[in-house]
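One structure is given below, encoded as structure tokens.
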Amino acid sequence: MNLANMVERTNSAGLTRNDYSGESSTLCKGCGHNSISNMIISACYELNLRPEKVVKFSGIGCSSKSPTYFLKNSFGFNGLHGRMPSMATGALFADTTLKGLGISGDGDTANIGLGQFKHLVRRNMPMVYIVENNGVYGLTKGQFSATADYGLSLKRQGQNVYLPVDIALEALAANATFVARSFAGDPKQVKEIIKAALSHEGTAVIDIISPCVTFNNKENALHSYSWGKGHEDPLHEVEFVPSRDEITVEDFNHGEMREVALHDGSTIMLKKVDKEYDPTNRKEALKILADAIKNRWLITGLIYVDPDAANMLDMYDLPETPLNRLPVEKIRPSKETLEELNQKFI
Amino acid sequence: MQKKLNEFSILVSTVNGSGSATANNALMKAIFKMGIPISARNIFPSNIQGLPTWYSLRVSEKRHLARVDEFDILINLDKVVLADDLKKVKKGGLVLCDQPLAPELVEQFHGMQLPIQEVLEKAESPANLNVYLMNMVYVGVLAALIKIDISLIEETINQHFSHVEKAVKPNMDVVKIAYGMVTNEMTEACPFELEKRNLNEGYIVTDGNQAAALGALFGGLQFSAWYPITPATELAECLNEYNPQIRNDPETGKATCVIVQAEDELAAIGMTIGAGWAGLRSMTSTSGPGLCLMAEYIGLAYQSEVPVVIWDVQRVGPSTGMPTRTSQGDLTFSYFLSHGDTDYVILFPGNVQECFEFGWRALDIAEHIQSPVIVLSDLDLGMNNWMTPKFQYPDLPIQRGKILWEEDIEQILKKNNGKWGRYTDLDGDGITYRTLPGNTNPRAAYFARGTGHDEFANYTEEPDVWKNEHDRIKKKFKKALEIDPHPILERNYHGKIGFISYGSSHYGTEEASDLLNAEGKAVDYLRIRSIPFQTEVNEFLQAHERVYVVEANRDGQMAQILMLNFPELAGKIHKIAYLDGLSLTAQSIITCFDDQEKK
């Protein structure tokens, strides 16, 4: 047995990459969502996360089918259209050591689920919320979603006459504490952002342009591969450095560097590409999104982060033992307590 | 003069937002403390200030606590409704209002003008409080006239204001001055009188919403998400109030139950089901419109087998309907909730004590059968103060059902040669073993879904698998009968005719049964407390020639469901169904019964 090979194939949790895999995807060949699933697998593998420490959630649609294609050893719940945020919110109270990972689509988030999405963000429930955004309904065969670009033509729908919803902007308007945008055709960035999101102690929204090869991949469509490849405009290069790794200056000595320290001791390293961008400045974030909409820029990277904001779990003084493991004696008050209450009502 | 003793009714009409609730509760509780059975109902508008609101009291040594249509005493502080109110007062009744009675009415009633201005001036109370304190004038006057022990009123007001002297004193000053202005002659002339009894030993006074909240907290509730809606809001507010008091861990002070106000009912049920799936004992509370919004999610919980309790405090629908009026109109909807084939355990608390009991029991049943349990309370039970036997401590330890943690999985795998999946029916009762997020056994995880799935929770559209899975799920509802509450034979007059009723219609039905019996018509009465029906329901139908199902809705929803369940007995089932937003009176039940019996 070649020991060296074995060491190479397992991470420090002692797991192989295959331990993070799922069922084979039944989505179309070339679907951006498959690439994202792969990056989720890579991110979790490289972070040495134990799959049983992750809980997956999804709504309805092509995107929402994908949680079965990764992390087969994680619990998960495929809920209702647009209403995954509420389900995740309730479930994540059961054991706060678990990391929530929500997968949604543009229809699931920006159409039917806009309300739940914004309230999840407003409460800042710690979880990763990925929108696999392709501007189109896939499972029902090609209708416009709320993120479809203005003027887009689809085979049986004609032209889209409404302006699109910008998911990152909606998140920011709801006071999101982590907003990123990426492109499924840029897997390295997708992976690094997912890693950072998994360390963020709040709702981490990642709007990933994830082309639908079957229904919305025309050259000039904003959600197509060719548009993305030709127009992706990264705000910075993103590198996630987990807490246990020491940051060595040599790795990042080219160009200017910005560091964002997260609560678990990890750091997001942002390397300047061509312009200055400060993702901790909400005003700047709102401006860059407005500019991007105006100029049809596909900006990607970490748009905004506030690692110190209070989150929903901070609002409750929960015990160390997960609530779902509390013994029954801990959840029923005593007979004497009831007797005192009875006295109050006489 | 022959006085009516301990058996009469009082109607108080005021303007809402004027603080009359304090005065009315003082009357109710003081009479309760005198040991005489009493019931109280608030009939109020969907409005905050300025519209008429009524409060009725029924004092009854015979323990008849249903609503009545005619009153012995009227207290009226709202001129706008005086003429209508007077139509509800029996001849010879007592009328107290803030103006002299018209001459043509003086002969019909014992009238008295309430000395409101005089009392307030004497009391020298702060002018800005007068609008509230004026209600205390009728408390004092009525206390003197019908002989309510004034020290008990003081006790009640002290309780109400938590013994804060600054609040108690101005109120009691007014009560005492008003009390003192009633002469002995006036009291002598009053046709109604109270006399202390000892019939309320072991009883408390509270409402069904509060009882439900406390019941759930004693049932080990761990998660509740809710959205404000009349008449259910108070239930969640009680959870908020009592949760920190009684459910923080006595050793660590940490919270063991989480309450979240959601952004709407869609989210409230979503959160509650998410929590239920993850292993928290979960409940949401709502009313009809909210239940409509929750329907799809409850179908998901049924399909993915998530335990959750939905507590519906019914109001009048459809649509916005009458938000502040009571009904039993959500039964059919609950019974068939969601598209596709479904089944639910539905519980019907018939009194406040049962609101407490079903508060904890519903959580046990939900976890036992891993499915949604719907509790149908209503505004009459939920929002009115009732005298009720003291809350009984649960007689069963908390039942968590079939949950497997790390080691349990190993054992079950050993026992079954490695064969076990989330939906494998190992025990043949349809109820499978579930695991909860956080379980680190490599076999523990599964992907729950609303889509078709096999016993390992994997997606499938296989025809046989779908059919088998749903035949299995059906079996769980047989199992539920083992722990669902049984019906109660409330009256057994050994008649050939029977009443069936449930929920708050109990009070009118029980009284109707008694009154009919007194007329020589023996009508037995069975109170249903749960669906699916226990065998006693079938037996009761079998044993009677005709059975009238009494309920507060238009179409006779329970009667229809009984006909569906017992088609061979459907010919025996008759409806006494009536909905006008008020709880049923014995008289209206009897009228409807007699009309049908004549045919």
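Details
- Search result, residues across region B:125-141 that are surrounded by fewer than 23 Cβ atoms within 10 Å (Cβ to Cβ) and either among the polar types (S, T, N, Q) or over 31 Å from the mean Cα position of the chain (by Cα) (or both): B:Ser125, B:Pro126, B:Ala127, B:Asn128, B:Leu129, B:Asn130, B:Val131
- Scanning region B:464-508 for residues that are under 29 Å from B:Gly340 (Cα atoms), surrounded by fewer than 21 Cβ atoms within 10 Å (Cβ to Cβ) and among the β-branched types (Val, Ile, Thr) yields B:Val465, B:Ile483.
- Residue within region A:121-142 that is within 11 Å of chain B (Cβ to nearest Cβ) and either of a type in the set (Lys, Arg) or open to solvent by 10 Å² or more (accessible area, probe 1.4 Å) (or both) present: yes
- A:Leu92, sole failed condition from (1) in contact with a helix residue (DSSP H, G or I) (Cβ under 7 Å, 6 or more places away or on another chain); (2) within 8 Å of another protein chain (Cβ to nearest Cβ); (3) of a type in the set (A, V, I, L, M): (1)
- Residue match in region A:291-299 (condition: without any contact (Cβ under 8 Å) to a residue 60 or more places away in the chain, open to solvent by 60 Å² or more (accessible area, probe 1.4 Å) and either closer than 28 Å to A:Ala180 by Cα or of a type outside the set (A, V, I, L, M) (or both)): yes
Yes/no per residue for (1) more than 12 Å from chain A (Cβ to nearest Cβ); (2) open to solvent by 20 Å² or more (accessible area, probe 1.4 Å):
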| position | (1), (2) |
| --- | --- |
| B:Arg434 | no, no |
| B:Glu462 | yes, yes |
| B:Leu515 | yes, yes |
| B:Val523 | yes, no |
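Condition check ((1) surrounded by fewer than 22 Cβ atoms within 10 Å (Cβ to Cβ); (2) more than 19 Å from A:Cys44 (Cα to Cα)) across all residues:
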residue: A:Gln189; (1), (2): no, no
residue: A:Cys212; (1), (2): no, yes
residue: A:Glu219; (1), (2): yes, yes
residue: A:His223; (1), (2): no, yes
residue: A:Lys229; (1), (2): yes, yes
residue: A:Glu237; (1), (2): yes, yes
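- Subset of region A:143-170 that is of a type in the set (Ser, Thr, Tyr) and open to solvent by less than 30 Å² (accessible area, probe 1.4 Å) - its residue that is nearest to A:Ser224 (Cα to Cα): A:Thr147
- Within region A:88-126, the set of residues being of a type outside the set (S, T, N, Q), under 16 Å from A:Ser64 (Cα atoms) and touching a strand residue (DSSP E or B) at 6+ places or on another chain (Cβ under 6 Å) comprises A:Ala88, A:Gly100, A:Leu101, A:Gly102, A:Ile103, A:Gly105, A:Asp106, A:Gly107.
- Residue match in region B:255-273 (condition: among the polar types (S, T, N, Q), within 11 Å of chain A (Cβ to nearest Cβ) and open to solvent by 10 Å² or more (accessible area, probe 1.4 Å)): yes
- Residue that is nearest to the other protein chains (Cβ to nearest Cβ) [pool: residues in region A:289-331 that are more than 30 Å from A:Ala184 (Cβ to Cβ) and of a type in the set (Ser, Thr, Tyr)]: A:Tyr316
- Flag if A:Ile60 is crowded, with 24+ Cβ neighbours inside 10 Å, more than 8 Å from chain B (Cβ to nearest Cβ), within 19 Å of B:Tyr297 (Cα to Cα) and touching a His at 6+ places or on another chain (Cβ under 9 Å): no
- B:Gln534 vs. criteria polar (S, T, N, Q), touching a Pro at 6+ places or on another chain (Cβ under 8 Å) and under 20 Å from B:Asn492 (Cβ atoms): yes
- Hey, B:Gly520 assigned to a loop (DSSP other than H, G, I, E, B), farther than 30 Å from B:Ser371 by Cβ and of a type outside the set (Lys, Arg) or not: yes
- A:Gly79 vs. criteria more than 9 Å from chain B (Cβ to nearest Cβ) and either at pLDDT below 95 or surrounded by 24 or more Cβ atoms within 10 Å (Cβ to Cβ) (or both): no
- Which listed residue is more than 9 Å from chain B (Cβ to nearest Cβ), open to solvent by 40 Å² or more (accessible area, probe 1.4 Å) and hydroxyl-bearing (Ser, Thr, Tyr), from A:Ser25, A:Ser35: A:Ser25
- Residue match in region B:238-251 (condition: closer than 25 Å to A:Pro327 by Cβ, open to solvent by 10 Å² or more (accessible area, probe 1.4 Å) and of a type in the set (Val, Ile, Thr)): yes
- Positions within region B:222-241 being at the interface with chain A (Cβ under 8 Å from one of its Cβ atoms) and farther than 19 Å from B:Pro289 by Cβ, in sequence order: B:Gln222, B:Phe223
- All positions within region B:542-565 that are open to solvent by 10 Å² or more (accessible area, probe 1.4 Å) and touching a strand residue (DSSP E or B) at 6+ places or on another chain (Cβ under 8 Å): B:Ala543, B:His544, B:Glu545, B:Arg546, B:Arg554, B:Asp555, B:Gln557, B:Met563
- Residue count, region B:409-462 (criterion: of a type in the set (Phe, Trp, Tyr) and in contact (Cβ under 8 Å) with a residue 24 or more places away in the chain): 4
- Of all residues in region B:46-63, those being open to solvent by 20 Å² or more (accessible area, probe 1.4 Å) and either modelled with pLDDT of 95 or more or in contact with a strand residue (DSSP E or B) (Cβ under 9 Å, 6 or more places away or on another chain) (or both) number 11.
- Among the residues making up region B:384-402, those that are of a type outside the set (D, E, K, R) and either within 9 Å of chain A (Cβ to nearest Cβ) or in a loop (DSSP other than H, G, I, E, B) (or both) are B:Asn384, B:Thr388, B:Phe391, B:Gln392, B:Tyr393, B:Pro394, B:Leu396, B:Pro397, B:Ile398, B:Gln399, B:Gly401.
- Of all the numbered requirements in (1) more than 9 Å from chain B (Cβ to nearest Cβ); (2) under 44 Å from the mean Cα position of the chain (by Cα); (3) open to solvent by 20 Å² or more (accessible area, probe 1.4 Å), A:Glu336 misses one, and that requirement is (2).
- B:Tyr493 vs. criteria touching a strand residue (DSSP E or B) at 6+ places or on another chain (Cβ under 9 Å), over 30 Å from B:Gln399 (Cα atoms) and outside the structural domain of B:Leu363 (by TED's automatic domain parsing): yes
- Filter result for the condition that a residue is open to solvent by less than 10 Å² (accessible area, probe 1.4 Å), out of contact with any Phe, Trp or Tyr (no Cβ under 8 Å at 6 or more places or on another chain) and in contact (Cβ under 8 Å) with a residue 60 or more places away in the chain, over B:Val313, B:Val306: B:Val313
- Among the residues of region B:353-397, those that are in contact (Cβ under 8 Å) with a residue 40 or more places away in the chain and open to solvent by 20 Å² or more (accessible area, probe 1.4 Å) comprise B:Gln353, B:Glu357, B:Arg361, B:His368, B:Met383, B:Asn385, B:Pro389, B:Lys390, B:Tyr393.
The values are calculated or read from the model by the stated rules, or taken from the named source; none is laboratory data. Bear in mind the structure is a predicted one, so any value in this text is a computation, not a measurement. Methodologically, a virtual Cβ is constructed for each residue, glycine included, from the backbone with ideal geometry; neighbour enumeration extends over all protein chains shown. Heavy atoms of the whole protein, side chains included, go into the accessibility calculation; ligands, DNA and RNA do not. Shrake-Rupley method; radii C 1.70, N 1.55, O 1.52, S 1.80 Å.
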